[in-house]
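Input: a single structure, listed below in structure tokens.
The values are calculated or read from the model by the stated rules, or taken from the named source; none is laboratory data. As the structure is a prediction and not an experimental result, all values here were calculated from the model. Positions of Cβ are generated from backbone atoms using ideal geometry, with glycine treated the same way; all protein chains shown enter the neighbour counts. Quick note on the areas: whole protein, heavy atoms, side chains included, nothing else; ligands and nucleic acids left out. Shrake-Rupley method; radii C 1.70, N 1.55, O 1.52, S 1.80 Å.
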Amino acid sequence: MPSVRSTSICAALFAIPISLTVLATAAVPADATAHQPSASLTCRGKSVDPDARVRYRTQTVIHASLRTIWRVQTDVERWPSWQTAVTTAERLDDGPFRPGSAFHWTTPVPPNPHTPATSLDITSTVRQVEPGSCIRWTGPAVGEGLRIDGVHVWRFTKVRNGVLVSTEETHTGPQVDANVPAATQILRQGLEAWLHDLKTAAEAHDPA
């Protein structure tokens, strides 16, 4: 990807939902717990990128059945119906999530003084999956003057009155590495927003 000046990098970072979902428009769930533990989440023994400088992990309890939460999360083509900033989402294969399953999705990037309005194009590929337990996918997110290579792990654990959903993501790329604190902050906002939307959607489908 072409390089951009540091001012443009900063502006682009704050304009783009780097976690590949909504940014600060959604409230953080009250029972979300953000933390940066030493041991990363794994799915079938594989974790996020251990060398990435931009990383974030968080979790929340969703008061719905594991079956409902899993269905909402993995029905990619319905993401735009419950994730505010997902504009389009398309599965590139059929059937349940499995290693090699892929999906393409987009999210808008608003204009700012340094970059025009554009769209972030993401192609994600499932690398590891254990139905009802965990998913790990990877893939590039590309926008004008920006490329992010992401690794995203999700874990689902039954607890009393619901399911503990944990997620961790790492990003690498020259633009995000140029401003790690800013990129990490926006990744935090995006992951918290994704959990908020997943919680809202799953609990609406399967009220306690």
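Below are the figures for this structure:
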{"read-out": "Residue within the range 171-190 that is open to solvent by 10 Å² or more (accessible area, probe 1.4 Å), assigned to a strand (DSSP E or B) and out of contact with any helix residue (DSSP H, G or I) (no Cβ under 7 Å at 6 or more places or on another chain) present", "value": "yes"}
{"read-out": "Failed condition for residue 205, given (1) touching a helix residue (DSSP H, G or I) at 6+ places or on another chain (Cβ under 8 Å); (2) surrounded by fewer than 18 Cβ atoms within 10 Å (Cβ to Cβ); (3) closer than 20 Å to residue 52 by Cβ; (4) not charged (D, E, K, R)", "value": "(3)"}
{"read-out": "Lone qualifier among 106, 60 - being touching a helix residue (DSSP H, G or I) at 6+ places or on another chain (Cβ under 6 Å), in a strand (DSSP E or B), surrounded by 19 or more Cβ atoms within 10 Å (Cβ to Cβ) and modelled with pLDDT of 80 or more", "value": "60"}
{"read-out": "Residue that is modelled with the lowest pLDDT [pool: residues in the range 63-94 that are under 23 Å from residue 206 (Cβ atoms) and in a loop (DSSP other than H, G, I, E, B)]", "value": "84"}
{"read-out": "Residue 151 within 28 Å of residue 98 (Cβ to Cβ), touching a helix residue (DSSP H, G or I) at 6+ places or on another chain (Cβ under 6 Å), modelled with pLDDT of 95 or more and among the β-branched types (Val, Ile, Thr)", "value": "no"}
{"read-out": "Scope the range 63-85; condition touching a Gly at 6+ places or on another chain (Cβ under 8 Å) and within 14 Å of residue 132 (Cα to Cα); matching residues", "value": "64, 66, 67, 70"}
{"read-out": "Flag if residue 153 is more than 18 Å from the chain's Cα centre (by Cα), open to solvent by less than 10 Å² (accessible area, probe 1.4 Å) and on the phi < 0 side of the Ramachandran plot", "value": "no"}
{"read-out": "Filtered residue count, the range 158-208, keeping only those that are more than 18 Å from residue 83 (Cβ to Cβ) and basic (Lys, Arg)", "value": "2"}
{"read-out": "Options 167, 138: the member that is free of Cβ contacts under 8 Å to residues at least 40 places away in the same chain, closer than 16 Å to residue 74 by Cα and among the polar types (S, T, N, Q)", "value": "138"}
